[in-house]
Every structure is written in structure tokens, then in C-alpha cells.
Amino acid sequence: MLAVVCLLSGLAAGWSLSGTEAKTTDIRWKYGSAELVINLEKDMADNETLMGKIFSKEYSAAGATNWLKFEHQLFHFTDPDLVGKLKELSYESPVSRELRELRNKRVGPWTYQAQEVKVSIPEREIQPSSGYANVCESGIFFRKKIEVFLPDQPDKKITLQASGRYACPNGYKFPDIQLSREDAKKLFGYSDFSKYETAAAVVIQE
């Protein structure tokens, strides 16, 4: 922060000098072994040029970004501290509405991610109907609409409603998804599983 203050003080002094014969004077901002040189004639020709100069170096860009954050509450969008400020927004603010729209569309941080899953066919008495699936009741798929596909053949996919459930205690291995024999054949081309097969799955609707 001290470095940023020094830089801004120097720039202010440079602006006052730019109206005199000292237009070729350089402002040198040193911070440790790093140095940023602002040329009053070239770098302060306009705001865009000046900002480009400041943000051309990683250390000066970081200093300027921190100054904007702490002095003016202007955050970079990747700054985790921004989350705390978002909590202060009212429900009906324009930003709140846009964030809800992103959530509803599953865009950005709300995008569903596919993950590798183990697929099996359970005994007939607990086998789900076609179009449905059994999943771990403590897993991310339970009560969701999911798409199961083969990573190396993305066109081979099925959509299922994961409404069936089974307990998956910690310390024990269970398949992630149980299919009907009919759906297994649609997906893999066969249904004679010895134990389980590997596929990928992604939530497509809550």
C-alpha cells in the first residue's frame, strides 16, 4: 500500500510538472528491487496510456489493484473478498437479479461438471424402470435429472431421473448409478455386466 501511495503522489507531482518545461522528466517508482518508470511526456499523454503503463508490470498492477480495492471498494472479479461484498446486495438489486439469472441458466460458477461414475445393473427386484436410476442417497445425483454418457463416445448418452436411492455408508464401495437393463444396453450396447462399467455423468436439472 505504501508503494502505491508513493506512486500516486509521484504521478500527481508529475502532472503539475507537465505544464512546465519539465515535460521529459521521469517519475521512478521503486519498490524493493523493482522499478516502474513513468515518462511524463509519453506515458501521461492520456488516461489510457497511463493506466496501460501502470498495469504493464505485475507488481505495479497488483499495487494499483489493491489501492482501488481498499480505498474505493473496487474489486477484481477473481478476488475472493468480493463474495463478502456481494452478501451486502439487496435481493432486488440489478446485480442480484443477474446473479440469479446465471444460477438459473447454470452458467459460470454454477455450471454442472461431469464426473466419472461406476454404473451397474442391480437385481431385478430393485432394478429401476427405463428412464430412471438408483443412486447413493448421500450423493450429488439423488433427485436430479442426469445425463450419463461415454467419454470417448459423447453421442452415446441417456437421460435419467435419479429418483431411486440406496444407502452408501462410508468405508464401503458402491456403484454411483444403477440402471435398468434396457438403459444399460442403450448406453453401452450390451447389458451382461460382470460387476460394473465406467461412464461419465452430469446433472442437467435440479
TODO: Output ³J(HN,Hα) for segment 54-63: one whole-Hz value per residue in order, computed from phi by the Karplus curve 6.51 cos²θ - 1.76 cosθ + 1.60 with θ = phi - 60°, and x for Gly and Pro.
DONE: 4, 8, 7, 10, 4, 5, 6, 5, 5, x
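Which entries in 145/195; 157/195; 105/185; 69/145 show an alpha-carbon gap greater than 30 Å? Walk me through the numbers on the way to the answer.
Numbers: 145/195 24 Å; 157/195 20 Å; 105/185 32 Å; 69/145 41 Å.
Among 145/195; 157/195; 105/185; 69/145, the Cα-Cα distance tops 30 Å for 105/185; 69/145.
Computed from the coordinates by the stated procedures, all read-outs in this text should not be read as laboratory data. This structure is a prediction, so every number in the text was calculated from the model and none was measured.
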